[in-house]
1. What residue among Ser61, Ser181, Ser16 has the largest mean-square fluctuation in a Gaussian network model of the chain, using Cα springs under 10 Å?
2. Hey, for a label at Asp128 modelled as a point 7 Å past Cα toward Cβ, could you say which residues of region 80-101 have their backbone N under 16 Å away?
3. Which distance in nm do the two modelled labels at Met24 and Arg189 give, with both placed 7 Å along the Cα-to-Cβ direction?
4. Arrange the following residues from fewest to most other Cβ atoms within 10 Å of their Cβ: Tyr160, Tyr60.
5. Compute the long axis of helix 148-160 from its Cα atoms, compare it with the longest principal axis of the Cα atoms of the chain, and write down the angle in degrees, 0 to 90, nearest 10.
6. In nm, to one decimal, how far is the modelled label at Glu94 from the one at Lys149, with both set 7 Å along Cα→Cβ?
7. Find, among the trypsin sites (Lys or Arg not before Pro) in region 94-191, those assigned to loop by DSSP (not H, G, I, E, B) with at most 14 other beta-carbon atoms within 10 angstrom.
8. With springs only between Cα atoms under 10 Å, which of Ile104, Ile85, Ile159 fluctuates most in a Gaussian network model of the chain?
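What follows is calculated from the coordinates using simple rules that are stated; it is not laboratory data. These numbers were taken from a predicted model, which means no experiment stands behind them. Quick reminder, even Gly has a Cβ in these numbers, built from the backbone with ideal geometry, and neighbours come from all protein chains shown.
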Amino acid sequence: MDNLIALVGNPNAGKSTFFNNACMAEEHVGNWHGVTIDSKEKLIKLDGKQIAVADLPGAYSLSPYSYEEAVTRDYLLSHKNCKIINIIDGNNLERNLFLTLELIELGFNPVLCINMANELKKNHVQIDIKNLEKMLGVKVFLINAQNKKDCKSVLNFVIYNNDICKSNFDYVKDILNWFDSLNLGLNDRKLTEYQKIKFLEQDEYVLDEFKIDNYENIAKVLESEQTANFVITQ
Ligand SMILES: Nc1nc2c(ncn2[C@@H]2O[C@H](COP(=O)(O)OP(=O)(O)O)[C@@H](O)[C@H]2O)c(=O)[nH]1
Ligand SMILES: [Mg+2]
């Protein structure tokens, strides 16, 4: 499916609300039993084009701590061509943007939807969308996911704009180049950019995948190779 769009975001950001309004679906919404724990896909026609929209379980990060987060990570890794709408709760920008930064750093090129525009307005909160777009390098919408028109215009943008959402943080390129220059004894195994970054973060799934059980030795190499330019955080 060429036109596959995945809704990604923290729990309670409004993904299922967006999904229901964009797809005329009836997923449970809200913070109670019955919220999304597995991915749900629905085919819809938009402007004569058939597209699939996937409502993914809430995730704070792509290094999963919960079953739901693992479902979301696995879905994104196994649907490499899907387009991502990252829905975030505008009332909790700082917390929600953690996942956004992770998505951008890992090359997923999300389109950002800051949700709960109605509440922000009520609380006289203004978000500088243009500045956020400039800083992140991705398209940013301010939406009310309860409003069908808002959801449809985001979908339209995502379908018709393939290239606009390419963000590339320079420091990520530097880190990837640095990783490639290291001799970590991986015996020429080819790592994807996702795996390289998660390797440095000591993500247990990626370390398992490469059967690394002696990270202490690797940590020593990383430490000795670190230049003043890099501080590896966990
Ligand atoms: N005020 C307001 N509430 C919203 C909006 N979008 C979603 N909600 C509410 O936020 C809660 C969480 O939404 P839900 O779609 O279940 O979030 P999910 O966990 O990301 O799927 C629900 O009670 C929704 O009705 C919005 O734009 N404005
Ligand atoms: Mg949900």
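1. In this elastic network of the chain, the residue with the biggest mean-square fluctuation among Ser61, Ser181, Ser16 is Ser181.
2. Residues 94 fall inside that zone.
3. 4.9
4. Values: Tyr160 11, Tyr60 19.
Starting with the residue having the fewest Cβ neighbours, the order is Tyr160, Tyr60.
5. The two axes meet at around 50 degrees.
6. Taking the two extended label points, one gets 3.5 nm.
7. Lys166, Arg189, Lys190
8. Largest GNM mean-square fluctuation: Ile159.
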